[in-house]
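I am attaching a structure below and will ask some questions about it afterwards.
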Amino acid sequence: MLKMPITKTALSLCIGIAIALLAGCASQSTTSGPSSDESAQTVDGLVDQRLDQAQALLEDYQVNEAEVVLSGLQFDQLTTAQRTRYAQLRAELALSLGDGNEALNWLSGDRASLFDGLPLEQQKVISLMRAEAYEYSGNYLSAARERIFLAPVLEDDDARFNNEQIWFDLQLVPEESIRDLVAAESSPDLTGWLELALIARDNPDDLRRQVIAIDEWINSHPSHPAAQNIPGDLALLRQLANTQPRNIAVLLPLSGPLEMAGKAIRSGLLAAWYESNLEEGDVPSLTFFDTTKNADAYNTYKQAVFEGADLIIGPLDKTRVQQLQQQTVLSVPVLALNYSDLAGSGPSNFYQFGLAPEDEAKQVAERAWQQGNRNAMVLAPDSEWGRKVSDTFVRNWETQGGRITSKSLYTQPDQYLNTVRRALNIDQSERRMRTLDSLIERDIIFEPRRREDIDMIFMVAFPSQARQLKPMLNFQYASDIPVMATSHLYDGTRNTSRDQDLNGVSFVEMPWELRENQIKRDVRAAFNEQFAGFESLVALGVDSYRLYPRLPQLQQFPDTRVYGVTGTLRLDARRRIERELTWAQFSNGEVRPGSGPVNVLNPTGITP
């Protein structure tokens, strides 16, 4: 017999026929037909078959087909056992699409009780699914708690993997949240994990101190799951502490057009070096090379190596970074302070670290999606920089499955209002009014309407631009739409009266700009230079010194994070450092650190 493939259309037709059969079985009754009990058994059997079919399709990664099958069933008309299977399959479907909020809709809340009576093995599956859903939705603390609760019933490889995932989740939880929970929590397993997570955040540039603190933690928690199976990146610290560079060469532009940028980085790097010297007393030597004096960065690199350097930090300008990236082999590691535009990653010990605005746009796209938004409007300046940042957001947004309702590029201030009106379709609404007015020979009451398919607005702007754009959005009937932005929105200075116009806007920013810290005060006190406009590069210098000891750790364990003043840092597959910044929001003209915006139309972020 020739077997024909079942198309999506054919499958839908089959489902329709099955629904009709179900309805017929449920409604037809004759004196000679089956009893009502037999009919109910028949209906239940068909429902079970369709649940089996959906499960088989999911196992075969046929997600769309599984969605069609499940959509043909009415949850409220199922038996308790069928509801339990249906909820699990719906959650699996959502997870396969990366939608953690939808998965939680089926695994938690009122529906969580459906899984209470399942055997232990199935309970473990549900708990792991719930942890994965929390991770997809960005709720890493809840994910860690779910996995910690589950840990005692896992064994061997499952237990080891779960431990690593707990550690991964805790690295993404804000430090303030961990400290607050430590003070309030009584569970010894959870408290132990939280204390270990705080150790990883203390003394980020002093591996020996961290090793000592970890050993003390293990001695005081001998039966803790993490003590018996320490996370891999922490186990590596002891080896790294004994193999640190002793002579570091720093390649920076200390004269010429980039002089202030180079000196800002140097000041941050020296402040971190002095801090380590005071605390540890055993720090590497630093030698600075002015890259302006030699157009060939590789010649400067060779000179530094000849003079005994076993690690290079720098150069800064992109051209020189690319010169080193193009080398076949580098005899000592390089931590470049910018990102190359060239393809590939360069030699195996060549690392790149900078303050790329693309990292910020990517983070905004991820958080907006996690908050339940699906339709985004984009406002950005009509410049190479504005297009680059906004294109990064659009690319990441659409990759997740989001939709761009409009993307508008603004130019001069006198054109801002027209740009906003076009983006919101206010101009089209008014044109429709004028057309209607010309057809009806009497006065009509009219209020322009903006388009209704916008969940959030991504705004790329500097402070002076943002202070004009946000009031225009409010005036054009968009005050209820969440606005999210990059750090360029905030210049680091307190200006309560002018920033009232930015109330409600959420943005990502470096911890350096949001929180006062000792090393920031030390830089101001120790160096006479005024770094207005270059504060972020001072922070880059601080983190470059704190980052270099961790490079092998980050490379061997890609999920490892370093908690810096420029953000939470990790290494990608191309050996480029990615930054995750802190969320903040304007409120009453003040900047307040926070966890990011919530969709005012859907505050839970959970799909109904």
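Can Arg50 be described as in contact with a Leu (Cβ under 6 Å, 6 or more places away or on another chain) and either at pLDDT below 95 or not small (Gly, Ala, Ser) (or both)?
Considered against the rule, which asks whether it is in contact with a Leu (Cβ under 6 Å, 6 or more places away or on another chain) and either at pLDDT below 95 or not small (Gly, Ala, Ser) (or both), Arg50 comes out as no.
Which pairs turn up if I take residues in region 116-128 that are in contact (Cβ under 8 Å) with a residue 24 or more places away in the chain and look for partners that are surrounded by 14 or more Cβ atoms within 10 Å (Cβ to Cβ) and outside any helix (DSSP H, G or I) with beta carbon separation below 8 Å, at least 6 apart in sequence or on another chain?
Lys124/Leu154; Ile126/Leu118
Provide a single number: the residues in region 330-371 that are assigned to a helix (DSSP H, G or I) and over 29 Å from Pro413 (Cα atoms).
4
Being out of contact with any Gly (no Cβ under 9 Å at 6 or more places or on another chain), among the hydrophobic types (A, V, I, L, M, F, W, C) and without any contact (Cβ under 8 Å) to a residue 12 or more places away in the chain is the requirement here; does Ala131 meet it?
So Ala131 does not fit the description; no.
Still on this structure, please answer the following. Gln327 - would you say it is in a loop (DSSP other than H, G, I, E, B) and of a type outside the set (Gly, Ala, Ser)?
So Gln327 fits the description; yes.
Which condition breaks for Asn599 when tested against (1) modelled with pLDDT under 90; (2) part of a loop (DSSP other than H, G, I, E, B); (3) under 19 Å from Asp359 (Cβ atoms)?
Among (1) modelled with pLDDT under 90; (2) part of a loop (DSSP other than H, G, I, E, B); (3) under 19 Å from Asp359 (Cβ atoms), Asn599 violates only (3).
Where in region 211-293 are there helices (runs of 4 or more DSSP H), lying fully within it, with 3 or more residues that are within 16 Å of Leu311 (Cβ to Cβ)?
In region 211-293, 259-279 are the helices (runs of 4 or more DSSP H) which contain 3 or more residues that are within 16 Å of Leu311 (Cβ to Cβ).
Considering only region 202-233, how many residues are within 26 Å of Glu155 (Cα to Cα) and in contact (Cβ under 8 Å) with a residue 40 or more places away in the chain?
So the count comes out to 6.
Enumerate the pairs (first residue in region 337-357 and touching a residue at least 12 places away in the same chain (Cβ under 8 Å) and more than 18 Å from Tyr301 (Cα to Cα); second residue anywhere and of a type in the set (Phe, Trp, Tyr) and not in a loop (DSSP other than H, G, I, E, B)) with beta-carbon separation below 8 Å, excluding pairs fewer than 6 apart on the same chain, so at least 6 apart or on different chains.
These pairs meet every condition: Pro357/Trp385.
Identify all residues within region 288-303 that are of a type in the set (S, T, N, Q) and loosely packed, with under 14 Cβ neighbours inside 10 Å; write none if there are none.
Asn299
Something else about it: Looking at region 99-109, can you tell me whether even one residue there is of a type in the set (Phe, Trp, Tyr), surrounded by 14 or more Cβ atoms within 10 Å (Cβ to Cβ) and not assigned by TED's automatic domain parsing to the domain that holds Gln371?
Yes: region 99-109 contains one or more residues that are of a type in the set (Phe, Trp, Tyr), surrounded by 14 or more Cβ atoms within 10 Å (Cβ to Cβ) and not assigned by TED's automatic domain parsing to the domain that holds Gln371.
Now for a different question. Of all residues in region 372-392, which are more than 16 Å from Gln412 (Cβ to Cβ) and in contact (Cβ under 8 Å) with a residue 60 or more places away in the chain?
Selection gives Gly372, Asn373, Arg374, Asn375, Ala376, Met377, Val378, Val389, Ser390.
Among (1) assigned to a loop (DSSP other than H, G, I, E, B); (2) crowded, with 19+ Cβ neighbours inside 10 Å, which single condition is Thr493 missing?
Exception for Thr493: condition (2).
Going by what's in this entry, would Ser186 be described as at pLDDT below 90, over 24 Å from Asp99 (Cα atoms) and outside any helix (DSSP H, G or I)?
In short, yes.
If Phe149 satisfies all but one of (1) of a type outside the set (A, V, I, L, M); (2) over 30 Å from Trp397 (Cβ atoms); (3) buried (at least 19 other Cβ atoms within 10 Å of the Cβ), what's the number of the condition it fails?
So Phe149 meets the others, but not (3).
The values are calculated or read from the model by the stated rules, or taken from the named source; none is laboratory data. Bear in mind that the values here come from a model prediction, so they are computed numbers and not experimental data. A quick note on method: Cβ atoms are made from the backbone with ideal geometry, for glycine too, and the neighbour counts reach across all protein chains shown.
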